[in-house]
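**Student:** One structure coming up, written as structure tokens, with questions to follow.
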Amino acid sequence: MRLRFITGNKNKVREAGERLAELGYEVVQDNMKPPEVQADTLEEVALFSAKWVVERSQEPFFLEDAGFFVDYLKGFPGVYSAYVFDTIGYGGILRLMRCKTERSARFEAVIAYWDGREFHTFKGVVKGTVSRNPRGENGFGYDPIFIPEGEERTFAEMSASEKNAISHRGRAIEKMVRWLKKKET
């Protein structure tokens, strides 16, 4: 089965594609660029974008919004993660965390899926800590400074398949796939 993924981020498409291929789905990238509203939650951002897409195309699709939430910074950058990354990068987050012992953080992802009639949302969360220094060459975004629970390596030090198995996006995709499979039976 083919699933249309509305995103311009080829890294997200690759990650989703690898995860869904194991389950028999082919992910097809659609570069449509919905506006991203500034809101308090990832769910609000994802649904706003999804509603914009539906006004232009009724075909089933999914899109995703994700954020990096640092507990010491009261959840910052959170829903503003992309903007913050583009302006200060993960180096700016490390500067804000300099000399701090409280380093807990989490990645969250929310998928909004349009089945042609209604929206469905699926959320994935992975908890961990902010590293003291960037490490690793793989991944993208904040991956070089995030160490997931139970690991000593950052996401950027993991292979794509290792990261996908435990990532926030992977967990949200897994929930969507379980829902899709129930719907098909």
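The values are calculated or read from the model by the stated rules, or taken from the named source; none is laboratory data. Note that this is a predicted model, so its numbers are computed, not measured. With ideal geometry, Cβ positions are generated from the backbone for all residues, glycine too; neighbour counts draw on all protein chains shown.
**Student:** Check off (1) touching a helix residue (DSSP H, G or I) at 6+ places or on another chain (Cβ under 8 Å); (2) at pLDDT 95 or above for Ser161 and give me the number that stays unchecked.
**Tutor:** The one condition Ser161 does not meet is (2).
**Student:** Also, quick follow-up: So if I check each of Ala46, Ala39, Ala21, which one is among the aliphatic types (A, V, I, L, M), crowded, with 20+ Cβ neighbours inside 10 Å and either over 21 Å from Val130 (Cα atoms) or in contact with a Lys or Arg (Cβ under 8 Å, 6 or more places away or on another chain) (or both)?
**Tutor:** On the way: Ala39 fails: crowded, with 20+ Cβ neighbours inside 10 Å; Ala21 fails: crowded, with 20+ Cβ neighbours inside 10 Å.
From the options Ala46, Ala39, Ala21, the qualifying one is Ala46.
**Student:** While we're on this one: If you scan region 129-185, which residues turn out to be buried (at least 19 other Cβ atoms within 10 Å of the Cβ) and on the phi > 0 side of the Ramachandran plot?
**Tutor:** Matches in region 129-185: Gly139, Gly141.
**Student:** Another one. Name the pairs whose Cβ atoms lie under 9 Å apart, with the first residue in region 67-81 and under 19 Å from Ser49 (Cβ atoms), the second of a type in the set (Ser, Thr, Tyr) and part of a helix (DSSP H, G or I), and 6 or more positions between them or separate chains?
**Tutor:** Gly67/Ser81; Phe68/Ser81; Phe68/Tyr90; Pro77/Tyr83
**Student:** Please go through region 107-125 and give me each residue that is surrounded by fewer than 20 Cβ atoms within 10 Å (Cβ to Cβ) and not in a loop (DSSP other than H, G, I, E, B), ordered by number.
**Tutor:** Filtering region 107-125 down to residues surrounded by fewer than 20 Cβ atoms within 10 Å (Cβ to Cβ) leaves 115-121, 123, 125.
Listed by number, the residues that qualify are Phe119, His120, Thr121, Lys123, Val125.
**Student:** Consider region 14-48. How many of its residues are at pLDDT 90 or above, assigned to a helix (DSSP H, G or I) and farther than 16 Å from Asp115 by Cβ? Can you show your working first?
**Tutor:** We begin by selecting, within region 14-48, every residue at pLDDT 90 or above; these are 26-34, 39-48.
Retained after the next criterion (residues that are assigned to a helix (DSSP H, G or I)): 42-48.
From the residues that got through so far, the ones that are farther than 16 Å from Asp115 by Cβ too are 42-45, 48.
Going through region 14-48 one residue at a time, the tally reaches 5.
**Student:** To continue, here is another question. Starting from residues that are loosely packed, with under 14 Cβ neighbours inside 10 Å and under 17 Å from Gly8 (Cβ atoms), keep the ones in region 58-90 and report whichever is nearest to the chain's Cα centre (by Cα).
**Tutor:** Of everything passing the filter in region 58-90, Tyr83 is nearest to the chain's Cα centre (by Cα).
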